[in-house]
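A short worksheet on the structure shown next.
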Amino acid sequence: MTNLRAQIGVPADSAMIEIDGVQLAVARDGSGPAVVCLHAIGHGGRDFEAFTEAMRGQFEIIRIDWPAQGRSGPDPHHSASALRYAELLAGILSKLGIVRPIILGNSIGGAAAMIYASRAPVRALVLCDPGGLVAVNGFARAFCGCLASFFRAGARHARWYPTAFGLFYRLVLPKREAHAQRERIVAAAYETAPVLAEAWTSFTKPEADIRALAAGLKLPVWFAWARGDKVAPLRFCRPAICKMRYAHLSEFDAGHAAFLEQPHAFLKGFHHFINGLTD
């Protein structure tokens, strides 16, 4: 069977690194200070393709495909969650010898980045619509539970699912610049449905609320938020951001991933943030 999700991930010649029984595809490009890129659930390292091309002359760009996404193998012992991904990230960076990286994380990748940064030295965080910044209350459990049910239907190969998933992704990544990657994500709808169901189920758990952890971070954080986000609206997350002492916020005309949907504006903001860092 064709592995369509591989087309969403890092390049075919990327290294495979085993962490805790999981074969993870990891791409390394360029040279300089390390920038580690962590993608949203159901996506892959190719989300950061344009970012890598633009920045490889100034930084070493490290892209990781999460388990059962892109070119990475499945996780035989654990379901998808931000906590699990933070553990795998720690293993990868340890094996690569990467210390104090800049981490660019989107959605569940952003939540994993914050968890990792609470446990290990990180120079700065760039967070694009990360998870974990709202209370896991009745509304959140119902919303996430509904989406988990939707993705479980995809895991059962419901005939209507690819069409519905395609419509859903027109809301998630609506901008023209994201069209090619969106089409690849939609083409792999059945393949990524199980891990999407796992992740959205994890978002209903109390440990998915990392607001207190985020408030305690003592490092520069830049939030590059897509103002059109229907999955993680800024108005729900802003109170948590306001409690983060070293956080700065920018808004972009995008659906869920400013770096993918508004690459030129995002790069301008990224340069401004990075150039303002001090050691």
Residue that is nearest to the chain's Cα centre (by Cα), among those in the range 201-233 that are farther than 16 Å from ILE115 by Cβ and open to solvent by 20 Å² or more (accessible area, probe 1.4 Å): VAL231
Any chance ALA135 is in contact (Cβ under 8 Å) with a residue 40 or more places away in the chain and either closer than 19 Å to ASP47 by Cβ or touching a His at 6+ places or on another chain (Cβ under 9 Å) (or both): no
Meets criteria (in contact with a strand residue (DSSP E or B) (Cβ under 9 Å, 6 or more places away or on another chain), of a type in the set (Val, Ile, Thr), more than 22 Å from SER81 (Cα to Cα) and surrounded by 15 or more Cβ atoms within 10 Å (Cβ to Cβ)) for ILE241: no
Qualifying residue in the range 102-112 (condition: in contact with a Leu (Cβ under 7 Å, 6 or more places away or on another chain), among the polar types (S, T, N, Q) and open to solvent by 10 Å² or more (accessible area, probe 1.4 Å)): no
Residue ID - modelled with the lowest pLDDT, chosen from residues in the range 210-231 that are touching a His at 6+ places or on another chain (Cβ under 7 Å) and assigned to a loop (DSSP other than H, G, I, E, B): VAL231
Strands (runs of 3 or more DSSP E) wholly inside the range 1-43 containing at least 2 residues that are surrounded by 21 or more Cβ atoms within 10 Å (Cβ to Cβ): 22-30, 34-38
Residue that is nearest to VAL136 (Cα to Cα) [pool: residues in the range 170-196 that are open to solvent by 10 Å² or more (accessible area, probe 1.4 Å) and without any contact (Cβ under 8 Å) to a residue 60 or more places away in the chain]: ARG170
Complete set of residues in the range 56-85 that are open to solvent by 10 Å² or more (accessible area, probe 1.4 Å), among the hydrophobic types (A, V, I, L, M, F, W, C) and closer than 16 Å to ILE98 by Cα: PHE59
Test result for ALA120, without any contact (Cβ under 8 Å) to a residue 40 or more places away in the chain and either surrounded by 22 or more Cβ atoms within 10 Å (Cβ to Cβ) or at negative phi (or both): yes
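The values are calculated or read from the model by the stated rules, or taken from the named source; none is laboratory data. For clarity, every value in this text was computed on a predicted model and none was experimentally measured. Quick reminder, even Gly has a Cβ in these numbers, built from the backbone with ideal geometry, and neighbours come from all protein chains shown. For accessibility, only protein heavy atoms count, side chains too; no ligands or nucleic acids. Shrake-Rupley method; radii C 1.70, N 1.55, O 1.52, S 1.80 Å.
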